[in-house]
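J.: Dropping a structure here in structure tokens format, bear with me for questions.
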Amino acid sequence: MAQVSGIADEQTSTPLSSSNTILLRISRFNPEHDDSSQFMEFTVPYERWTTVLEAILDVKKHFDHSVAVRYSCRQATCGSCGMMINGKPRLACFTKISELNSNVVTVEPMNNFPIIRDLAVKFERLFDTHQKIKPYLIRDDSELVSDEREFLQSPEEVEQYIQFANCIKCGLCNSACPTMATDSSFVGPQALAQAYRYVADSRDKGKDSRLKIIDDSHGIWRCHFAGSCSQVCPKGVDPAMGIQLLRGYLLGFRS
Ligand code: SF4
Ligand code: FES
């Protein structure tokens with residue numbers, strides 16, 4: 001592997017060549033002493049199954065260990081490695097270089113998240129809004145104590161919410177959302193989708209308190225239905241649909 005150059009400013013994209021290398025452009029920014037981000041470029045070898053995360057780790061191992069990137073599971077489960085890859089929010093561990101169809105791969109921190117350094121962003125807003133909607137089953141404790149059995153659900157009842165339970169809290173949907181960029185108080189598609197996940201669960205008794213939380217000008221009514229959240233979700237969750245269904249409860253179309 002050979003480093004091509006130090007710093008470049010403009011993103012380029014050219015068709016994938018027959019050589020098994022890509023130009024990997026990594027956004028570098030340290031808010032403690034940089035005024036703006038700059039790209040560092042590296043030539044990185046790849047094979048058919050090489051992921052963007054593996055290419056970044058190749059750079060860290062061979063050229064610059066200081067590149068900041070967050071990851072853990074490397075199998076699209078922990079939700080840690082979200083970043084902008086060629087302009088789109090994706091999981092780096094779940095994105096193969098060969099599927100990008102370009103011999104230039106540009107990685108940047110996720111939009112709508114404060115940068116810690118380079119590709120690592122702060123998740124506080126995501127986790128705060130997630131916590132705000134009470135992401136757990138709400139039951140009457142006395143009912144739980146006196147009723148020593150499982151809360152059985154029919155397949156139809158499970159079907160109401162199960163896709164939303166696949167959320168890994170990666171934040172890609174919030175990164176893609178144009179409303180997140182313009183309203184710093186917006187609860188965001190991730191939390192709204194999770195609000196629906198619990199409201200639609202037949203075991204849950206917290207619907208009224210959750211609907212009260214999201215029934216706000218910075219809550220469910222702030223969504224403009226751009227739909228970009230659902231397009232980028234790596235787990236097949238459809239936050240835009242969840243938001244529509246939640247509005248049905250508030251408008252009296254669902255009970
Ligand atoms: S809904 Fe999808 S994109 Fe959004 S945080 Fe959950 S898994 Fe990630
Ligand atoms: S490293 Fe866990 S989702 Fe990518």
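J.: Could you tell me whether any residue of the stretch 168-187 is assigned to a helix (DSSP H, G or I), within 16 Å of ligand 1 (Cβ to nearest atom), in the same structural domain as Asp128 (by TED's automatic domain parsing) and free of Cβ contacts under 8 Å to residues at least 12 places away in the same chain?
T.: no
J.: Are there any pairs with C-beta distances below 7 angstrom linking a residue in the stretch 192-211 that is surrounded by fewer than 17 Cβ atoms within 10 Å (Cβ to Cβ) to a residue that is β-branched (Val, Ile, Thr) and in a loop (DSSP other than H, G, I, E, B), with the two at least 6 apart or on different chains, and if so which?
T.: Here the result reads Lys205/Ile138, each pair linking the stretch 192-211 to a residue that is β-branched (Val, Ile, Thr) and in a loop (DSSP other than H, G, I, E, B).
J.: Also, quick follow-up: Answer yes if at least one residue in the stretch 68-87 is more than 22 Å from the chain's Cα centre (by Cα) and in contact (Cβ under 8 Å) with a residue 40 or more places away in the chain, and no otherwise.
T.: There is no residue in the stretch 68-87 that is more than 22 Å from the chain's Cα centre (by Cα) and in contact (Cβ under 8 Å) with a residue 40 or more places away in the chain.
J.: Please go through the stretch 212-223 and give me each residue that is outside any helix (DSSP H, G or I) and over 13 Å from Pro239 (Cβ atoms), ordered by number.
T.: Residues satisfying the conditions are Asp215, Asp216, Ser217, His218, Gly219.
J.: Return a yes/no flag: does the stretch 144-157 have any residue that is closer than 30 Å to Val44 by Cβ and modelled with pLDDT of 95 or more.
T.: no
J.: So which strands (runs of 3 or more DSSP E) are wholly in the stretch 1-93 and hold at least 1 residues that are modelled with pLDDT of 95 or more and among the aliphatic types (A, V, I, L, M)?
T.: Once the strands (runs of 3 or more DSSP E) in the stretch 1-93 are filtered for at least 1 residues that are modelled with pLDDT of 95 or more and among the aliphatic types (A, V, I, L, M), what remains is 21-28, 38-45, 82-85, 88-91.
J.: Taking the stretch 163-176, which residues are of a type outside the set (Val, Ile, Thr) and closer than 20 Å to Thr95 by Cα?
T.: If the condition is that a residue be of a type outside the set (Val, Ile, Thr) and closer than 20 Å to Thr95 by Cα, then Asn166, Cys167, Lys169, Cys170, Gly171, Leu172, Cys173, Asn174, Ser175, Ala176 are the ones that fit.
J.: Next up: May I ask you to list the residues in the stretch 64-73 that are away from ligand 1 (no atom under 16 Å from the Cβ) and crowded, with 17+ Cβ neighbours inside 10 Å?
T.: Hits for the stretch 64-73 are Val67, Ala68, Val69.
J.: Got at least one residue in the stretch 99-111 being within 16 Å of ligand 1 (Cβ to nearest atom) and either surrounded by fewer than 21 Cβ atoms within 10 Å (Cβ to Cβ) or outside the structural domain of Leu24 (by TED's automatic domain parsing) (or both)?
T.: So far as the stretch 99-111 goes, yes, one or more of its residues are within 16 Å of ligand 1 (Cβ to nearest atom) and either surrounded by fewer than 21 Cβ atoms within 10 Å (Cβ to Cβ) or outside the structural domain of Leu24 (by TED's automatic domain parsing) (or both).
The values are calculated or read from the model by the stated rules, or taken from the named source; none is laboratory data. All figures in this text were calculated on a predicted structure; none of them were measured in a lab. Because the Cβ atoms are built from the backbone with ideal geometry, glycine has one as well, and the counts that use them run over all protein chains shown.
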